[in-house]
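Contents: one structure, followed by commentary.
The values are calculated or read from the model by the stated rules, or taken from the named source; none is laboratory data. Keep in mind that this is a model prediction, so the values were computed, not measured. Virtual Cβ from ideal backbone geometry, glycine too; neighbours counted across all protein chains shown. What goes into the accessible areas is simple: the full protein's heavy atoms, side chains included, and nothing from ligands, DNA or RNA. Shrake-Rupley method; radii C 1.70, N 1.55, O 1.52, S 1.80 Å.
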Amino acid sequence: EAGHVTLTLSVEGDSVINNSIVIYTTSDTNNTAQEDEDFNKTVKIVEIRPNDTLITVTVPIVNDAIDEGVEIFSVATS
């Protein structure tokens, strides 16, 4: 079903003193969901501000006519 998946990531470790960024990238490596068939590849930058403990990332999902079970894709941060 088309739409998007929203993921909430926990910010751990030392407190963020100044604004920081995290880059997140989606991948279909070793997973069951296929890029461009099940989800759109996403590379984005999210800002982390002081006192943030959670950040939200969004991945667009592709609508197709195939009835599929649960599929898995990866989200990596750097």
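With the structure loaded, tell me whether VAL75 is within 10 Å of the chain's Cα centre (by Cα) and touching a residue at least 60 places away in the same chain (Cβ under 8 Å) or whether it fails that test.
Values: within 10 Å of the chain's Cα centre (by Cα): yes; touching a residue at least 60 places away in the same chain (Cβ under 8 Å): yes.
In short, yes.
Check off (1) touching a Pro at 6+ places or on another chain (Cβ under 9 Å); (2) assigned to a loop (DSSP other than H, G, I, E, B); (3) surrounded by 10 or more Cβ atoms within 10 Å (Cβ to Cβ) for VAL5 and give me the number that stays unchecked.
Of everything listed in (1) touching a Pro at 6+ places or on another chain (Cβ under 9 Å); (2) assigned to a loop (DSSP other than H, G, I, E, B); (3) surrounded by 10 or more Cβ atoms within 10 Å (Cβ to Cβ), VAL5 misses just condition (2).
Taking the condition of being hydrophobic (A, V, I, L, M, F, W, C) and under 14 Å from THR42 (Cβ atoms), how many residues in the range 56-73 meet it? Give the steps one after another, and end with the answer.
Filtering the range 56-73 for residues hydrophobic (A, V, I, L, M, F, W, C) gives 57, 59, 61-62, 65-66, 70, 72-73.
Imposing the further condition that a residue be under 14 Å from THR42 (Cβ atoms) reduces the set to 57, 59, 61-62, 73.
Number of matching residues: 5.
So, restricting to strands (runs of 3 or more DSSP E) that lie completely within the range 27-78, which ones have at least 1 residues that are in contact with a Gly (Cβ under 9 Å, 6 or more places away or on another chain) and under 19 Å from THR8 (Cβ atoms)? Even if it seems obvious, please write down each step before you answer.
On the way: elements: 43-48, 54-61, 74-77.
Correct list: 54-61.
Quick check, is ASN18 at pLDDT below 85, open to solvent by 40 Å² or more (accessible area, probe 1.4 Å) and out of contact with any strand residue (DSSP E or B) (no Cβ under 8 Å at 6 or more places or on another chain)?
Values: at pLDDT below 85: yes; open to solvent by 40 Å² or more (accessible area, probe 1.4 Å): yes; out of contact with any strand residue (DSSP E or B) (no Cβ under 8 Å at 6 or more places or on another chain): yes.
When the stated conditions are applied, ASN18 passes them.
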